[in-house]
């Protein structure tokens, strides 16, 4: 599983990005993360559409690839 979380926007317009490949985690960490994602039913949700932005607001994008 590959997870990317990106935050963009804000006053300075900077982007921060975090990537996690579950293959690099310990077995316990991997199980915990996969359990949390399963319990959230995140993978059962339709892809979100882009929303209107506001000045200096943050936008969060989360991509989970199995």
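State which residue pairs qualify: first residue in contact (Cβ under 8 Å) with a residue 12 or more places away in the chain and inside region 48-66, second residue assigned to a loop (DSSP other than H, G, I, E, B) and surrounded by 12 or more Cβ atoms within 10 Å (Cβ to Cβ) in any location, beta carbons under 9 Å apart, and separation of 6 or more residues or different chains.
Close Cβ pairs (under 9 Å, with a partner that is assigned to a loop (DSSP other than H, G, I, E, B) and surrounded by 12 or more Cβ atoms within 10 Å (Cβ to Cβ)) amount to 56/10; 57/10; 58/10; 64/1; 65/1; 66/1.
Anything in region 1-52 that is over 18 Å from residue 63 (Cβ atoms) and not in a helix (DSSP H, G or I)? List them, or say none.
10, 11, 12, 13, 14, 26, 52
Would you tally the residues in region 19-59 being under 15 Å from the mean Cα position of the chain (by Cα) and surrounded by 10 or more Cβ atoms within 10 Å (Cβ to Cβ)?
14
In region 1-17, what residues are in contact (Cβ under 8 Å) with a residue 12 or more places away in the chain and surrounded by 10 or more Cβ atoms within 10 Å (Cβ to Cβ)?
Across region 1-17, the qualifying residues are 1, 2, 3, 4, 5, 6, 7, 8, 9, 10, 17.
For residues that are under 14 Å from residue 10 (Cβ atoms) and touching a helix residue (DSSP H, G or I) at 6+ places or on another chain (Cβ under 9 Å), tally how many sit in region 52-66.
Here the count works out to 0.
What's the number of the only condition in (1) touching a residue at least 60 places away in the same chain (Cβ under 8 Å); (2) in contact with a helix residue (DSSP H, G or I) (Cβ under 8 Å, 6 or more places away or on another chain) that residue 43 fails to meet?
Only one criterion is unmet by residue 43, namely (1).
Each value in this text was obtained by applying a stated rule to the coordinates, not by laboratory testing. As the structure is a prediction and not an experimental result, all values here were calculated from the model. Neighbour counts are summed over all protein chains in view; Cβ atoms, including those assigned to glycine, are modelled from backbone coordinates with ideal geometry.
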